[in-house]
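Here the structure comes first, spelled out in structure tokens, and everything after it is commentary.
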Amino acid sequence: MLKTLILTPQAEKDLDDAYDWYETQNSGLGKDFVRCVDVKITSLLRAPKQHQVVYKSNIRRVLVNRFPFSIYYVELKDVISVFAILHQHRKPKAWKSRV
């Protein structure tokens, strides 16, 4: 059984901002970005422990295919909380303030 997904307001804003930026670069590219993020979110819901631990024992990261973005999440008892969807060239620890 898949756990429930929680996308924090900050992660939603990350996704919206990236979508908007990619759409200004090329019409339809934002939709491609969201599609790639959705594929990775489905992957982490199916196998949350499969992805790289980046902090302590419970903060994990999954890389988005085709785009230089990482999804940061934590697995809790009944939910998976995505708290950041960030460009990989930002400050490496920018997500830590959200934990």
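Key figures for this structure:
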| quantity | calculated |
| --- | --- |
| Qualifying residues in region 55-75 (those that are farther than 25 Å from TYR22 by Cα and of a type in the set (S, T, N, Q)) - the one modelled with the lowest pLDDT | SER57 |
| Residue, farthest from ASP38 (Cα to Cα), within region 51-97, restricted to residues that are among the basic types (Lys, Arg) and within 13 Å of the chain's Cα centre (by Cα) | ARG60 |
| Only one of LYS77, LYS13, LYS40 that is surrounded by fewer than 16 Cβ atoms within 10 Å (Cβ to Cβ) and either assigned to a helix (DSSP H, G or I) or touching a residue at least 60 places away in the same chain (Cβ under 8 Å) (or both) | LYS13 |
| Positions within region 14-29 being of a type in the set (Gly, Ala, Ser) and either under 15 Å from the mean Cα position of the chain (by Cα) or at pLDDT below 95 (or both), in sequence order | ALA18 |
| Failed condition for LEU29, given (1) among the aliphatic types (A, V, I, L, M); (2) under 20 Å from PRO9 (Cβ atoms); (3) in contact with a Phe, Trp or Tyr (Cβ under 7 Å, 6 or more places away or on another chain) | (2) |
| The one condition in (1) assigned to a helix (DSSP H, G or I); (2) touching a Phe, Trp or Tyr at 6+ places or on another chain (Cβ under 8 Å) that PHE67 fails to fulfil | (1) |
| Any hit, region 47-54, residues being outside any helix (DSSP H, G or I), surrounded by 16 or more Cβ atoms within 10 Å (Cβ to Cβ) and modelled with pLDDT of 95 or more | no |
| Tally, over region 21-30, of residues that are on the phi < 0 side of the Ramachandran plot and loosely packed, with under 12 Cβ neighbours inside 10 Å | 4 |
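The values are calculated or read from the model by the stated rules, or taken from the named source; none is laboratory data. Bear in mind the structure is a predicted one, so any value in this text is a computation, not a measurement. Note: ideal-geometry Cβ built from the backbone for every residue, glycine included; neighbour counts use all protein chains shown.
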